[in-house]
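The values are calculated or read from the model by the stated rules, or taken from the named source; none is laboratory data. All of these numbers come straight from a predicted model, not from anything done at the bench. Here Cβ is always computed from backbone atoms with ideal geometry, including for glycine, and neighbour counts include all displayed protein chains.
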There are 2 protein chains.
Amino acid sequence: MSVAETLNDEALAETMTAIGQAARRAMADLGQAPRAVKDRALLAQAAAIRARASEILEANAQDMADARAAGLSAAMLDRLLLTAGRIEGMAGGIEAIAELPDPVGEEFASWTQPNGLRIARVRVPLGVIAVIYESRPNVTADAGALCLKSGNAAILRGGSESFRSSGAIHACLTAGLAEAGLPEAAIQRVPTRDRAAVGHMFQMPEHIDIIVPRGGKGLIERVQRESRVPVIAHLDGNCHVYVDGAASLETARAISLNAKMRRTGICGASETLLVDRAVADSHLPPLVRDLLEAGCEVRGDAAARAVDDRVVPVEAGDWDTEYLDKIIAVGLVDGVEGALAHIDSHGSHHTDCIVTEDGAAAERFLGAVDSAIVLLNASTQFADGGEFGMGAEIGISTNRLHARGPVGVEQLTSYKYVVRGDGQTRP
Amino acid sequence: MSVAETLNDEALAETMTAIGQAARRAMADLGQAPRAVKDRALLAQAAAIRARASEILEANAQDMADARAAGLSAAMLDRLLLTAGRIEGMAGGIEAIAELPDPVGEEFASWTQPNGLRIARVRVPLGVIAVIYESRPNVTADAGALCLKSGNAAILRGGSESFRSSGAIHACLTAGLAEAGLPEAAIQRVPTRDRAAVGHMFQMPEHIDIIVPRGGKGLIERVQRESRVPVIAHLDGNCHVYVDGAASLETARAISLNAKMRRTGICGASETLLVDRAVADSHLPPLVRDLLEAGCEVRGDAAARAVDDRVVPVEAGDWDTEYLDKIIAVGLVDGVEGALAHIDSHGSHHTDCIVTEDGAAAERFLGAVDSAIVLLNASTQFADGGEFGMGAEIGISTNRLHARGPVGVEQLTSYKYVVRGDGQTRP
């Protein structure tokens, strides 16, 4: 990298403005680029990542050495680490994005008015997308490729601890753009470790159409609080599984265990298990024991504690906590209405599930729970763009505006109305 | 009205919080309300407006007297004035909204994954919509009815000069809600003339999901600058008609004149006419003369001035001005690419038109112009939800996120994913 790693205030402001302007200029070419050109760039990027794997690993080794010296946690170090396998994963991920259909130009609704005007809603890119992420350098590749496929100019701002790794990956993305004849400014990277750069991005609505933060709660809260640019993000994934009185016990056990324990660190992992009081005797004991035996800490109400001595008392705050860990809150509720009231009070509008064989209870729950994803008889861990058949995603949104749920290439687009007439004037 | 017209700071803050909380509570009932119940409320509202016409006119007479005493302009007074005809227009408008299909609950995409999960995208209301408007009291009826039809709770904040008129109309809306058994808080009105109330709305993202400002540029700029709540709005409608070298002169004349002169005060009125240099001799003179003869002031470049002595010189700022008046800027450009460059520099991403018989030129223009609405051989004055077949609209959006173009009941919704399984767990 020939760029300065830190800049003074004035130089930073100038750099950020220049990045924003270059992104706007690149946006026009990118929005009109045919699928074949974008895919050629993506495949060249994947090839460059494979070809330059040793450079990427070397840059990562320097980042890792600094991070160890700075005393970063083992979890942070693991997120920062790149391996040959992870590099191959990045390249393969980009190739998979190349295979997705191009959302841009799709005419997804059209009709003819009585006066003969033919009106079509046509997908267009959003424009310029800024992605702010933390330690994982591979987000550089994912986010850059998703923005490129959807015809958006990208401004990437990775964590300062992954500065060199992200730089090496970004160089591969730029090389791929050049091979396809696309402007290099189509995917830019903020070329400084300065945290103040992020503050500038929040104040650039004239250059940035949307910010996608990918990181911990602190980052997302800051973006939502400070940004003048619209944000697509989810703050919490406090997901519920409700086992209804009409649930099959076998289905309930499989879903409850999978929703909590398959992977505890993802946003679709369940954090609360609610059981209908009507089946407290038959369903609650096996559900609680399954979790305990899988190594999960169970924080329960009186009924759950009565099942097993290992269940600890649930505190009021537990119902609102996204543990992202082997911990779950468990309690009884009075049927579907009790579950709805609980989720309405404590949920985070992300992903919630009902297990039941009763169609009326299912429809009541699916209709009334105000979450991005509501599931019947399926694990909350399916909250994922790939599992939804959308290909790669840049995140899950709990926004109500624009994109809700998994954000894939289609959700990174806007639309315009194309109206074709033959001389119509308005009376 | 039994409410205080002005409140001290503390009372205002309390009032606004109470309104926000009541709206959130009403939202749940409203989101689940079946179409028949919402339509019953709408028809009762229309009936109440007709039945109470004399009360509404009396309230309006008081507002008008105050407005005259305060020296409001004739244009402002006209916007404020209600007549028997305008009251019937409000009632009829609400009935037309009742007839629109209910967007809520529509499954607008669905598919089945290989593992058997059935995934559907289902429209849901946005939640709580705040509408901030200026002098026209009839917006109370339009906005309230559009929000109700789309299942959203509404918080209406009209201009202080229309306070009594809006109050009388709002009482009819509330009566209609009560008749249908819907919560009265489904459509609330800020019960004070205090301008500070608007500032509170900007800072209530926990209670308001979106703000729709309807008014002049000053209002919209303020909302866009200050609001922490997302905004759907358009700032400028600097619309262009480009007459290409391959345009039919007859078509060009009809569209150019209609786009400018049919109504000059609406956002879809054209403000700039661009003519391909290739047809300067044949097309420019009749186009310019048509406008002059219709009473339009023409501000032209050298070529346009050469047509007629009445053409005045165009200044640099004219190309960026939304006149909303009988004034137009006219100039030559070098073909489609020249038109694109001009619109890219000066346009406001609202509505732009090409007149041409050349398919390639048309597709280049329609693809490359980055506006909410692009038209081929049709007047820019068609930029309207009704003309698009969407029924009533709450405005035209130049946002790139969520809704772009006319904002009707469908655009006032979000969606959620409803996933139906039979016990699937994620491997």
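Could you identify the single residue in B:VAL223, B:VAL190 that is in contact (Cβ under 8 Å) with a residue 40 or more places away in the chain, buried (at least 19 other Cβ atoms within 10 Å of the Cβ), within 19 Å of B:PRO137 (Cα to Cα) and assigned by TED's automatic domain parsing to the domain that holds B:THR15?
Residue meeting the stated conditions: B:VAL190.
Name every residue in segment A:29-70 that is of a type in the set (D, E, K, R) and either touching a Pro at 6+ places or on another chain (Cβ under 7 Å) or surrounded by 21 or more Cβ atoms within 10 Å (Cβ to Cβ) (or both), in order of residue number.
Result: A:ASP29, A:LYS38, A:ASP63.
Which of the numbered conditions does A:THR83 fail, given that it passes all the others? Conditions: (1) in contact with a strand residue (DSSP E or B) (Cβ under 6 Å, 6 or more places away or on another chain); (2) among the hydroxyl-bearing types (Ser, Thr, Tyr); (3) over 29 Å from A:GLN411 (Cβ atoms).
All conditions pass for A:THR83, except number (1).
Given the conditions (1) within 27 Å of B:ALA145 (Cβ to Cβ); (2) within 10 Å of chain A (Cβ to nearest Cβ); (3) among the hydrophobic types (A, V, I, L, M, F, W, C), report the number of the one that B:LEU77 does not fulfil.
Every listed condition holds for B:LEU77 apart from (2).
Between A:GLU106, A:GLU134, which is within 14 Å of chain B (Cβ to nearest Cβ) and of a type in the set (Asp, Glu)?
Matching residue, one of A:GLU106, A:GLU134: A:GLU106.
Okay, residues lined up against (1) within 16 Å of A:ASN238 (Cβ to Cβ); (2) in contact (Cβ under 8 Å) with a residue 12 or more places away in the chain; (3) within 9 Å of chain B (Cβ to nearest Cβ); (4) outside any strand (DSSP E or B):
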residue: A:GLY317; (1), (2), (3), (4): yes, no, no, yes
residue: A:ASP325; (1), (2), (3), (4): yes, yes, no, yes
residue: A:ALA329; (1), (2), (3), (4): yes, yes, no, no
residue: A:GLY338; (1), (2), (3), (4): no, yes, no, yes
residue: A:GLU357; (1), (2), (3), (4): no, yes, no, yes
residue: A:ASN377; (1), (2), (3), (4): no, yes, yes, no
residue: A:PHE388; (1), (2), (3), (4): no, yes, yes, yes
residue: A:ILE394; (1), (2), (3), (4): no, yes, no, yes
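Report the residue count in segment A:99-134 for those that are buried (at least 24 other Cβ atoms within 10 Å of the Cβ) and farther than 21 Å from A:ALA403 by Cβ.
Residues that pass the stated criteria total 0.
Would you please name the residue that is farthest from B:ASN399 (Cα to Cα), looking only at residues in segment A:196-210 that are within 14 Å of another protein chain (Cβ to nearest Cβ) and touching a Leu at 6+ places or on another chain (Cβ under 8 Å)?
Only one residue tops the list, namely A:ILE210.
Out of (1) surrounded by fewer than 24 Cβ atoms within 10 Å (Cβ to Cβ); (2) within 30 Å of B:LEU30 (Cα to Cα), what's the single condition that is false for A:PRO313?
So the condition that A:PRO313 fails would be (2).
Please work out which one of (1) surrounded by fewer than 16 Cβ atoms within 10 Å (Cβ to Cβ); (2) touching a residue at least 12 places away in the same chain (Cβ under 8 Å); (3) in a helix (DSSP H, G or I); (4) more than 28 Å from the chain's Cα centre (by Cα) is the condition A:SER345 fails and give its number.
In the conditions (1) surrounded by fewer than 16 Cβ atoms within 10 Å (Cβ to Cβ); (2) touching a residue at least 12 places away in the same chain (Cβ under 8 Å); (3) in a helix (DSSP H, G or I); (4) more than 28 Å from the chain's Cα centre (by Cα), A:SER345 misses (4) alone.
Would you check which residues across segment A:396-427 are within 7 Å of chain B (Cβ to nearest Cβ) and β-branched (Val, Ile, Thr) and list them?
A:VAL418, A:VAL419, A:THR425
So, in segment A:137-154, exactly how many residues are touching a residue at least 60 places away in the same chain (Cβ under 8 Å) and within 17 Å of A:ARG193 (Cβ to Cβ)?
Going through segment A:137-154 one residue at a time, the tally reaches 2.
Say we look at segment A:256-277 and pick out the residues that are within 13 Å of chain B (Cβ to nearest Cβ) and part of a helix (DSSP H, G or I); which of these is nearest to B:THR425 (Cα to Cα)?
Per the stated criteria, the residue is A:ASN258.
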